[in-house]
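S.K.: Below are the structure tokens for one structure; questions will follow.
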Amino acid sequence: MPSASHPAQAARPPGAGKAASLVILLFCQVCAMSVWFASAAAVATIKQTVTLTSWQEALLTSSVQAGFVAGTIISALLGLADRFDPRRLFMISAWVAAGATLLLVVCPPAGAPVYVLRFLTGMCMAGVYPVGMRLAATWANRDLGLLIGLLVGALTLGSASPHLLAAFGGMQWTSVYLAAGALAAVAGLAINACGVGPAMTRAVRLNPAAVAQAWRQRPLRLANLGYLGHMWELYAMWAWLAVFLQFSFEASGAAEPRLAAERITFIAIGAGAIGAWAGGWLADRYGRTAVTTIAMLISASCAATIGWTAGAPMAVVATIAVVWGISAIADSAQFSASIAELGAPDSIGTLLTAQTCAGFLLTLVSIHLVPPVQAALGWPGAFGMLAIGPAIGCVMMLRLRGDPASLRMANGRR
């Protein structure tokens, strides 16, 4: 019997084997994450019903981010992902998020009740996204980057899926919420069929001090700072890309600019799944710091460029948007994989939750900064501001590459 000061190897709960479990987990992640960006996809049809200020429009997304931050703080301090069966935590979180999303249908499209429900949804996502990564990591066997990359790809598809729903002409905002809520409910049920891998290590006691590892240990700190640079850009891009594309397509005289913007946004964000999967495969073979640095260089270049193309032919703008969508997420899973390889085994769930907490707290700033910067400097200034994050992230990951501890990453490939 292990002592209270040492990690305990958890008995494996019943469930499917590795391949089946990963398929189930990916399916559940796509379905559950659809509630995250439901408002961002529904906002175009909401604006046909009521007048929204840019602040109200941003709140529809940032209230979810704020809820996620609150949820991850609670989860990290209580060590929920390391102390309890992650499938049960995922199930409860997905079901509560589904209920909160379905309640939006009976609320006015904007206002305090909506923001409260979106905040609650974000809190529940703290029991879905990092918990899903924790589940994937339990099956890792020299393929951690690929496994978490697959999961982040599923998250990307889930985040893009509401834009696909909104791209169908005539679909009302209530239908987007109904579909997203139903998908999250299905995810909560299906996750029970997922198995837990042999690498599952259960913490036997509450240890809030585990969070401090994230900043006290230099390798973990550098990986987290790289992640923050990545997050400064990612969710602000996801939140405002459809708005920019509609503006650009209207300026170029494209037919049905709103529907075209939603379709291209779905393709650009959804294509990020390819980037996440490819990034994981490449990082396991060539190193995490190499893949993250190259991906951030490309995404920073796209961010600095795309704002200047407003009004250009649709093919030009769409091409840059898709490349941006792929590169902006290609590195995401590798920051989490780095934490899983550099951190203490019985604190991985807590460290992953703390990492995502810090990252999403930063997104609250960047998402809300885009409208005033855009008003003052136009889209080149707004998206150029986002390029600062991945540029700094490159520096942090190159510094991590020079740290001896980086040899624990990607089987020594760093």
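S.K.: Taking amide H atoms as placed 1.01 Å from N in the peptide plane, list the residues 5 or more away in sequence, or in a different chain, whose amide H sits under 5 Å from that of ARG414.
M.R.: Distant-sequence amide H within range of ARG414: ARG288, MET409.
S.K.: What is the sum of charges, Lys and Arg at +1 and Asp and Glu at -1, for the other residues whose Cβ falls under 14 Å from the Cβ of GLN29?
M.R.: Neighbour charge sum, excluding GLN29 itself: +2.
S.K.: Only one of the values (1) 1.08; (2) 1.78; (3) 0.93 was calculated from this structure for Cα Rg over 2.2 N^0.38 Å; name its label.
M.R.: Only one listed value fits the structure, namely (3).
S.K.: Extending each Cα 7 Å along its Cβ direction at LEU407 and ASP85, get the distance between those two points in nm, one decimal.
M.R.: Here the modelled spin labels are 4.2 nm apart.
S.K.: I've got another one for you. For the pair ALA19 and LEU78, how long in nm is the line joining their label points, each one 7 Å along Cα→Cβ?
M.R.: Those two pseudo-labels are separated by 3.8 nm.
S.K.: Still on this structure, I have one more. I want to check the label-to-label distance for CYS107 and VAL50. Put each point 7 Å from Cα in the C-beta direction and report it in nm to one decimal.
M.R.: 1.0
S.K.: Could you give me the ³J(HN,Hα) list for the stretch 247-262, computed from phi with Karplus coefficients 6.51, -1.76, 1.60 and θ = phi - 60°, whole Hz, x at Gly and Pro?
M.R.: Couplings: 4, 5, 5, 5, 5, 8, x, 5, 6, 6, x, 5, 5, 4, 5, 5 Hz.
S.K.: Next question. Hey, with R₀ at 22 Å, roughly what FRET efficiency would THR319 and ALA255 work out to, going by the Cβ-Cβ distance, to 0.05?
M.R.: Working: r = 19 Å, r/R0 = 0.86.
About 0.70, to the nearest 0.05.
S.K.: Expressed in nm to one decimal, what extension gain is obtained for the pair SER175 and ILE274 from 0.36 nm per residue of sequence separation less their Cα-Cα distance? Intermediate results must be reported in sequence, preceding the final value.
M.R.: Details: separation 99, 0.36 × 99 = 35.64 nm, distance 2.78 nm.
Net length gain for the segment: 32.9 nm.
Each value in this text was obtained by applying a stated rule to the coordinates, not by laboratory testing. What you are looking at is a predicted structure, and each value in this text was computed from that prediction instead of being measured. With ideal geometry, Cβ positions are generated from the backbone for all residues, glycine too; neighbour counts draw on all protein chains shown.
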